[in-house]
Amino acid sequence: MTSNARRFDAVIIGGGHNGLTCAAYLAAAGLSVCVAERRHVVGGAAVTEEFHPGFRNSTASYTVSLLDPQVIRELKLAEHGLVYEELSAEECVAHEGALSETAGSLVGALYFPRDEVGDCHKFIQGLARHAQERGVKFLYETTVTGLRRRGRRIAAVLTSQGPVEADNVVVALGSFAPALLRQVGVDVLIYPVKGVSITVARAPWNDAPTHAIIDDARMFGLVPIGDRLRAVGTAEIARYDATPSPARAQAIIEKVLQTFPGFSRCYSPATAKVWAGLRPVSPSGVGYMGRTWIENLFVNAGHGHLGWTMSCGAGRLVADIVAGRAPEISLAGFPRLAAA
Ligand SMILES: Cc1cc2nc3c(=O)[nH]c(=O)nc-3n(C[C@H](O)[C@H](O)[C@H](O)COP(=O)(O)OP(=O)(O)OC[C@H]3O[C@@H](n4cnc5c(N)ncnc54)[C@H](O)[C@@H]3O)c2cc1C
């Protein structure tokens, strides 16, 4: 043990959704856990910014289903609890009055009655509090710069605040996981795909949608979150640049206005909050979870556009493996972590 190194049973690298859920489950299993996060806040791609004194806003919207009915039938997903209804244009308007504005061009929709929308900021804040109450230590403004490997084990996590030692190391760095893992010969294929969200106060638009809507044809999502409305969309290959592009935001707005002309009542460029973030996408669209060829090095990253949706299951699965328990969720079908 290095004299000035702090020591834990497990170090989680990255304080986004997937790092936090894993930390909480490991603390619940009785391990001493710390989360090393380079920012001053937890939350990662769902972090909340104060874009003006007193104005806080979680910056990503969350819905949970984007599936083709044929896939649902072929994979017998209904047997696994996925419920949906195929709606005619008239039935769409009956379910969601705001669609009356576009009834003329509407063919129909898939309706997922069990689909949920949530405020990821509240989720992240609540989860961080929950984890802290169970003893998880948060190392903020702590950038992980490397991993010290000794044989087939990680001896220490090297950070901007000094080394941290642990029996187990979990890499939950989203799009940033490949760069760190490559240093110790572990390959994961994860690439950042930028997405944009535009958030407005919904108040001036009384008949605004009450359901989360995904318009596959026009490639946007419109999601009611409390007293706000969030439009999301685009998949931009821009390496690690998370700067929101005004042109892409404008393109989303124009598409939303085609389906919902009423959106013009609550959208103003002056007050709309435009944000962009990086979805950590793997080639299969499914994340990497589990142990690497390095005995005490684990990965929980690459969950793409469903990172929040997957975070509790992924966090639980990886925590089970770290804690030496047989995971309740099978790893069959998930990308394998390459052997050395
Ligand atoms: C516009 C948009 C809309 C989305 N909508 C949805 C949705 O509707 N439903 C859904 O489920 N998902 C959605 N997502 C995807 C979801 O946000 C991500 O998949 C998820 O946040 C990834 O979480 P993560 O914890 O794996 O990684 P991240 O959130 O990227 O967290 C990684 C963390 O590691 C930290 N970090 C990076 N490098 C270092 C380092 N060297 N040292 C220490 N810390 C470091 C970062 O600061 C960050 O906090 C959306 C994403 C975008 C961009």
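The values are calculated or read from the model by the stated rules, or taken from the named source; none is laboratory data. All values reported here derive from a predicted model rather than from experimental measurement. Here Cβ is always computed from backbone atoms with ideal geometry, including for glycine, and neighbour counts include all displayed protein chains.
Of all residues in region 277-312, those satisfying the criterion of being more than 7 Å from the ligand (Cβ to nearest atom) and either charged (D, E, K, R) or in contact with an Asp or Glu (Cβ under 7 Å, 6 or more places away or on another chain) (or both) are ARG291, GLU295, ASN296.
Give ALA319, ALA323 a once-over and let me know the one that is surrounded by fewer than 18 Cβ atoms within 10 Å (Cβ to Cβ), aliphatic (A, V, I, L, M) and in contact (Cβ under 8 Å) with a residue 12 or more places away in the chain. Working first, answer last.
Numbers: ALA319 fails: surrounded by fewer than 18 Cβ atoms within 10 Å (Cβ to Cβ).
Exactly one of ALA319, ALA323 is surrounded by fewer than 18 Cβ atoms within 10 Å (Cβ to Cβ), aliphatic (A, V, I, L, M) and in contact (Cβ under 8 Å) with a residue 12 or more places away in the chain, namely ALA323.
If I ask for residues that are of a type in the set (Ser, Thr, Tyr), within 15 Å of the ligand (Cβ to nearest atom) and assigned to a loop (DSSP other than H, G, I, E, B), which ones from region 171-226 would you list? Reasoning before the result, please.
Applying the first criterion (of a type in the set (Ser, Thr, Tyr)) to region 171-226 yields 175, 191, 197, 199, 210.
Restricting the remaining residues to those that are within 15 Å of the ligand (Cβ to nearest atom) gives 175, 191, 197, 199.
Within region 171-226, none qualify.
Looking only at region 31-46, which residues are more than 7 Å from the ligand (Cβ to nearest atom) and not in a loop (DSSP other than H, G, I, E, B)? Matches in region 31-46: VAL33, CYS34, VAL35. Of the numbered criteria (1) among the β-branched types (Val, Ile, Thr); (2) within 20 Å of the chain's Cα centre (by Cα); (3) crowded, with 21+ Cβ neighbours inside 10 Å, the one VAL274 fails is (3). Taking (1) in contact with a strand residue (DSSP E or B) (Cβ under 8 Å, 6 or more places away or on another chain); (2) in contact (Cβ under 8 Å) with a residue 40 or more places away in the chain in turn, SER88 satisfies each apart from (2). Scanning region 150-174 for residues that are closer than 15 Å to THR292 by Cα, surrounded by fewer than 17 Cβ atoms within 10 Å (Cβ to Cβ) and touching a residue at least 24 places away in the same chain (Cβ under 8 Å) yields a total of 3. On the stretch given as region 175-202, residues that are touching a helix residue (DSSP H, G or I) at 6+ places or on another chain (Cβ under 9 Å) and either closer than 30 Å to GLN250 by Cα or surrounded by fewer than 18 Cβ atoms within 10 Å (Cβ to Cβ) (or both) total 13. Would you confirm whether any residue within region 95-116 is modelled with pLDDT under 90, more than 30 Å from ILE12 (Cα to Cα), of a type in the set (A, V, I, L, M) and out of contact with any Asp or Glu (no Cβ under 9 Å at 6 or more places or on another chain)? No. Candidates are the residues of region 13-30 that are within 11 Å of the chain's Cα centre (by Cα) and not in a loop (DSSP other than H, G, I, E, B); the one that is surrounded by the fewest Cβ atoms within 10 Å (Cβ to Cβ) is GLY19. Cβ separations smaller than 6 Å between residues 6+ apart or across chains give the following pairs from region 278-304 residues that are free of Cβ contacts under 8 Å to residues at least 40 places away in the same chain to residues that are within 15 Å of the ligand (Cβ to nearest atom): GLY285/GLY304.
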